[in-house]
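Below you'll find the structure, written out as structure tokens, and then a few comments.
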Amino acid sequence: MSRSAHPAGPRHADVLPEGHYSAPPADLNTLDRKVWAQTVGRNEDGVVTVGGVDVKALAEEHGTPAYIVDEADFRARARAWRTAFGHDADVFYAGKAFLSRAVVRWLHDEGLNLDVCSGGELATALSAGMPADRIAFHGNNKSEQEITRAVESGVGRIVLDSFQEIVRVAHIAQSLGKRQRVQIRITVGVEAHTHEFIATAHEDQKFGIPLAGGQAAEAVRRALKLDGLELIGIHSHIGSQIFDMSGFEVAAHRVVGLLKDIRDEHGVELPEIDLGGGLGIAYTSADDPREPHEIAKALTEIVSRECEAARLRTPRISVEPGRAIVGPTAFTLYEVGTIKPLDGLRTYVSVDGGMSDNIRTALYDAEYSVALVSRTSDAEPMLARVVGKHCESGDIVVKDAFLPADLAPGDLIAVPATGAYCRSMASNYNHVLRPPVVAVHDGESRVIVRRETEEDLLRLDVG
Ligand code: LLP
């Protein structure tokens, strides 16, 4: 179908969605700096480039769909967090957002530590040369095998998540003749303003040990008694994709309160606190995330203030940003396939991926942006829904977006801010093959996680 012959679809005025897409942006060709990786721009032909490579070349060389990561941006964001927190604090990148061996090396180069939450993440980190003492091991149901591997390899800390785990880790460490550095994860009773599935510090959920009812204090009592454990601090993580700092303030206040109670009861001042991750990023122009230096300032000030009031030595702070580092550094590059205008509703634009490479829209009602990247267009805006190729109607990548009305099969579109929790939550649903992750830097692209193949799929199918 020729571009000009393609029907423009419904007039958007009748069906405008609520929220940030209540009106089309002034110019669909403009890329909002807030949601795109730092080196993204358009060349003189109107083709989007990243890291000095244009997306048509990327699609040709690596195929679509593909996650494209701006390495310079990743490194810059990692460094910004590191610098913002300085030498008196530690930044643990949360590997669950996205982890690969290249990423581990970038983090190592930039002086960050790493938070892992499974044996698989631990294996990835160790195999890429992250020193074990810079790794924190998390999880609400670590297996004995995982704990053993973590203790044997010498991880810097294990974050204890339950009463049973206190005993289990102590026992394993002791049987290996070791004393394991641990923190206790507590739930401070804060309702973070985010999606229910990604809020983690209210009490009615599976993580941590509640501060309420003296449970956290009891956990500390038990941990301090066990020879296999060296209790170094208290951990709190209140949720994810949070913009409002007040939840962190309350959490810091309550964690310091517990440190004070521990000092009063045991005469011990625990040297560390970890305030977790969870800082939000911009998925659309409507989001206004904070900069790492603002976050660092806010968190360190509140902890110092609270400690001064409690006459405690200020503990060493650590944080665990995942999304805020990797999220904005990548976009997913798709090729447009079928285009279906539905009269009076919107135009459905199908791409060659979908909920298997980005489950966040279906799972959390997440909002994303999208742009035509293989060319510019002066056509009028058309209200579109970007959908995948999976066999269900909830297979939506971008719920509401404006794309140019002359969009045609074969065009490349890209969804920005897909660096976090997209590849790491990708599936093989419908036996769709998971896309590669391609890093671009200084005019060159390099596959860091290759595309899945049918052989990969069939290798596991041993029946
Ligand atoms: N630390 C702990 C203990 C965590 O559980 C998490 C995230 C983080 C740090 C990193 O949080 P971040 O800075 O990336 O927000 N799949 C969901 C997010 C789940 C987050 C789980 N824990 C999503 O796609 O939004």
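Rule-based calculations on the coordinates, nothing more; no lab input. Note that the structure is predicted; figures quoted are calculated from it, not measured. Cβ coordinates were reconstructed from backbone atoms using ideal geometry, including for glycine residues, and neighbour counts include every protein chain displayed.
Sorting 83, 361 by the number of Cβ atoms found within 10 Å of their own Cβ, with the fewest placed first, yields 83, 361.
What share of the DSSP beta bridges in the chain is antiparallel, in percent to the nearest 5?
Working: 31 of 68 bridges.
Restricted to the chain, the bridges split so that about 45 percent are antiparallel.
The distance between label points at residue 245 and residue 430 comes to 4.4 nm (points 7 Å beyond Cα on the Cα→Cβ vector). For the pair residue 212 and residue 450, the difference between a 0.36 nm per residue extended length and the Cα-Cα distance amounts to 81.0 nm. Approximating the spin labels as points 7 Å out from Cα along Cα→Cβ, the residue 145-to-residue 309 distance works out to 4.8 nm. Under the convention that each Lys and Arg Cβ holds +1 and each Asp and Glu Cβ holds -1, the size of the dipole of the chain around its Cα centre is about 1100 debye.
How high is the FRET efficiency from residue 380 to residue 61, r the C-beta distance, R0 45 Å, rounded to 0.05? The pair residue 380/residue 61 has a calculated efficiency of 0.85. Going from the fewest other Cβ atoms within 10 Å to the most, the residues 117, 422, 391 appear in the order 391, 117, 422. For the chain, the mean residue ellipticity at 222 nm estimated from helices alone is -8500 deg cm²/dmol, where every DSSP H run of n ≥ 4 contributes -39500 (n - 2.57) and the total is divided by all residues, rounded to the nearest 500.
Taking every C-alpha pair closer than 8 Å and separated by at least 6 residues, the mean separation divided by the residue count of the chain gives a relative contact order of 22 percent.
Around residue 157, under 14 Å between beta carbons, what's the net of Lys plus Arg minus Asp minus Glu among the other residues?
Residues close to residue 157 contribute a combined charge of -2.
How big is the shadow of the Cα convex hull of the stretch 312-411, averaged over all directions, in nm²? So the mean shadow area of the Cα hull is 9.3 nm². Assuming a ≥ b ≥ c are the square roots of the Cα gyration tensor eigenvalues, decide whether the stretch 246-360 counts as rounded (a/c under 1.5), prolate (otherwise, with a/b larger than b/c) or oblate. Since a/c reaches 1.5 and a/b is larger than b/c, the shape of the stretch 246-360 is classed as prolate. Rg and Dmax of the chain, based on Cα coordinates, read 23.6, 78 Å. Each residue in 27, 204 was given a count of other beta-carbon atoms within 10 angstrom of its own, and listing them fewest first yields 204, 27. Please state the shape class of the stretch 44-152: rounded when a/c is under 1.5, otherwise prolate if a/b exceeds b/c and oblate if not, all from the C-alpha gyration tensor. Oblate is the answer for the stretch 44-152, as a/c is 1.5 or above yet b/c matches or exceeds a/b. Pairs from the list 142/206; 96/206; 206/297; 96/142; 178/260; 225/260 with a Cα-Cα gap above 20 Å: 206/297; 178/260. For the peptides 273-283, 135-145, 304-314, residues were scored by their other Cβ atoms within 10 Å and the scores averaged per peptide; the highest-first order is 273-283, 135-145, 304-314.
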